[in-house]
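For reference, the structure discussed in these notes is given below.
Where a number appears in this text, it was derived from the coordinates with a stated rule and is not lab data. Fair warning: this is a prediction, and the values are worked out from it, not measured in the lab. Note: ideal-geometry Cβ built from the backbone for every residue, glycine included; neighbour counts use all protein chains shown.
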Amino acid sequence: MSFLDPSHNQAPRGLSKILYVNWPLVLLVTAVACFGFLMLYSVAGGSLDPWAQPQMIRFAVGMVVMFAVAFTPISFWRQVSLLAYLGSLGLLLFVLFFGAVGMGAQRWINLGFIQLQPSEVMKIAIVMVLALYYDWLPREKVSHFGYVLIPLALIALPAMMVVKQPDLGTAILVVASGGVVMFLAGVSYWYFIAAISVMVGGVTAVFMSRGTGWQLLNNYQYKRIDTFLDPSLDPLGAGYHITQSKIALGSGGFSGRGFMQGPQSQLNFLPEKQTDFIFTTLAEEFGYIGSTFLLILYTLIMVFAISAAIKNKNRFSALLIGGVAATFFFYFALNMAMVMGLAPVVGVPLPLVSYGGSAMLVLLGGFGLIQSAHIHRPK
């Protein structure tokens with residue numbers, strides 16, 4: 001089998017591709033995005049500016065991108081997977097030296113009409129290149145040590161570059177998404193047990209290095225850990241975000257305060273209410289009912305994506321769908337855990353709901369890959 005040109009069964013052509021689109025998945029993605037528009041309208045005090053209207057435009061552009069990607073044969077995306085990974089690495093390297101700085105981090109490339117965040121692109125590129133690798137690799141060699149080192153290196157290189165920005169949350173997502181693809185490809189459980197052991201040792205090293213010459217994290221990241229463990233240590237400083245978030249979550253109760261009636265968000269007690277903490281605003285205004293409804297939409301998206309992966313008989317496509325679905329899951333799971341105090345605040349947006357251009361476009365591009373794999377699956 002060629003590394004970049006596998007044989008595929010006859011796929012649908014022209015307008016007939018529309019019939020093969022996974023339309024329930026499209027409708028679910030649109031429903032979640034509409035939830036986001038509603039919340040961005042609310043946090044702006046009942047105005048489409050400055051967040052809701054730009055987000056709507058980005059979503060419209062993103063949907064065009066999604067369908068363009070979807071109608072492109074999956075064989076093409078297989079062929080460009082390695083190029084996408086190398087291009088994303090190049091962009092990450094560019095950011096390290098010439099990237100735009102914001103809020104103490106150097107993560108963006110200013111393109112004028114959008115602030116491109118290459119680490120977002122890498123979340124999908126790492127899935128693509130690993131799906132390509134394991135589609136090429138014979139199954140009997142998947143767990144051989146030498147062949148396991150290659151994907152580990154492919155994951156570690158961008159993860160270290162993202163940590164350097166610094167962006168610990170995105171680095172975690174890159175590693176987690178890559179790990180899922182390895183797991184789905186059939187890598188032996190013992191490697192994952194060893195990885196967990198290394199992680200435990202790494203966490204221990206992080207705490208032991210604090211205050212030394214070889215300190216592994218920045219001081220603000222240690223403050224986030226302290227805040228996660230005990231927010232009351234600095235309720236007006238490092239602990240302010242999570243303290244206000246918990247107040248807003250609790251005040252929402254079962255049915256919520258009502259649309260645009262949340263005091264924490266409307267009176268600006270809640271920081272980053274349009275990005276990282278937008279789920280808290282939703283919970284405050286719509287309560288347990290609204291939060292559960294959004295979680296159901298996310299769950300249904302996962303169900304349709306996983307179903308598409310299981311039914312797909314092409315190995316590259318199945319791994320690609322599974323990896324993109326895992327990336328999407330880690331997005332919303334980590335964000336929700338973060339705002340509820342179950343995980344440290346690491347700056348991960350709520351997918352399709354939080355304000356942001358790069359994350360929105362990249363996610364919709366990822367869903368386009370899922371659709372491409374579904375439309376052009378072997379019949």
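Structure above, values below:
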{"quantity": "Full-stretch length increase - A100, A31 - with 0.36 nm per residue and alpha-carbon distance subtracted", "calculated": "21.6 nm"}
{"quantity": "Options Y147, V127, M56, ranked by Cα towards positive dipole end of the chain, top entry (Cβ charges)", "calculated": "Y147"}
{"quantity": "At R0 = 22 Å, FRET efficiency that the Cβ-Cβ distance of I18 and L300 yields, to 0.05", "calculated": "0.50"}
{"quantity": "Residue-wise HN-Hα coupling along the stretch 229-235, computed from phi with Karplus coefficients 6.51, -1.76, 1.60 (Hz; x: Gly, Pro)", "calculated": "6, 7, x, 6, 5, 8, x"}
{"quantity": "Contour excess over end-to-end distance, with Cα ends at Q115 and W214 and 0.36 nm allotted per residue", "calculated": "32.4 nm"}
{"quantity": "Charge dipole magnitude, Cβ of K and R +1, D and E -1 - the chain, Cα centre, debye nearest 20", "calculated": "940 debye"}
{"quantity": "Percent RCO, i.e. relative contact order, over the chain, from Cα pairs under 8 Å lying at least 6 residues apart", "calculated": "29 percent"}
{"quantity": "Table column - 3J(HN,Hα) (Hz), the stretch 134-149, Karplus curve with 6.51, -1.76, 1.60, x for Gly and Pro", "calculated": "7, 6, 6, 6, x, 4, 5, 9, 4, 9, 5, 4, x, 7, 7, 5"}
{"quantity": "Among I155, I126, I289: highest mean-square fluctuation, GNM of the chain, C-alpha pairs under 10 Å", "calculated": "I289"}
{"quantity": "Whole-angstrom gap from the stretch 26-46 to the stretch 175-195, using each part's C-alpha centre", "calculated": "35 Å"}
{"quantity": "Among N312, N22, N110, residue whose mean-square fluctuation peaks in a GNM of the chain (springs only between Cα atoms under 10 Å)", "calculated": "N110"}
{"quantity": "Cα centroid of the stretch 310-379 to Cα centroid of the stretch 73-152, whole Å", "calculated": "15 Å"}
{"quantity": "Extension reserve of the S307-I150 stretch, reckoned as 0.36 nm per residue once the Cα distance is removed", "calculated": "53.6 nm"}
{"quantity": "Of G112, G179, G322, the one that fluctuates the most in a GNM where the chain has Cα springs shorter than 10 Å", "calculated": "G112"}
